[in-house]
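I have placed the structure first, in the form of structure tokens, so that the comments after it can refer back to it.
The values are calculated or read from the model by the stated rules, or taken from the named source; none is laboratory data. Keep in mind that what you see is a predicted model, and the values were worked out from it rather than measured. Quick reminder, even Gly has a Cβ in these numbers, built from the backbone with ideal geometry, and neighbours come from all protein chains shown. Heavy atoms of the whole protein, side chains included, go into the accessibility calculation; ligands, DNA and RNA do not. Shrake-Rupley method; radii C 1.70, N 1.55, O 1.52, S 1.80 Å.
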Amino acid sequence: IAVISGFAAAVLAATSWLLAVRYFDVAYAYPFMALSFVFVPFLGWLLFGEALSWQQMAGSALIVGGITIHALAR
């Protein structure tokens, strides 16, 4: 079941990316791909009890800040 759920997640990710590129400029949509570096550690902490270091939290804050600045600059 792990392989099937991984395959389903990959299909969902590809479909989401294709829809994003269809409706938004790539220059606007592509920085949001970096949010995976924010969501993966957060969901690991939330769902599996993994530890979050201060470096991960600081990096996530920088990513979110950069995406926010990029989005507001458009």
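Miscellaneous remarks
- Annotation: extensible slack from Ala27 through Ser53 equals 6.3 nm (criterion: 0.36 nm per residue apart, minus Cα-Cα distance).
- Carbon + sulfur, % of accessible area of the chain - ligands and nucleic acids excluded, 1.4 Å: 77 percent
- Residues of the chain: accessible area per residue with a 1.4 Å probe, Å²: 80 Å²
- Calculated FRET value between Leu12 and Thr68, using beta carbons and R₀ = 22 Å, to 0.05: 0.30
- Where only C-alpha atoms are counted, convex hull volume of the chain per residue in Å³: 92 Å³
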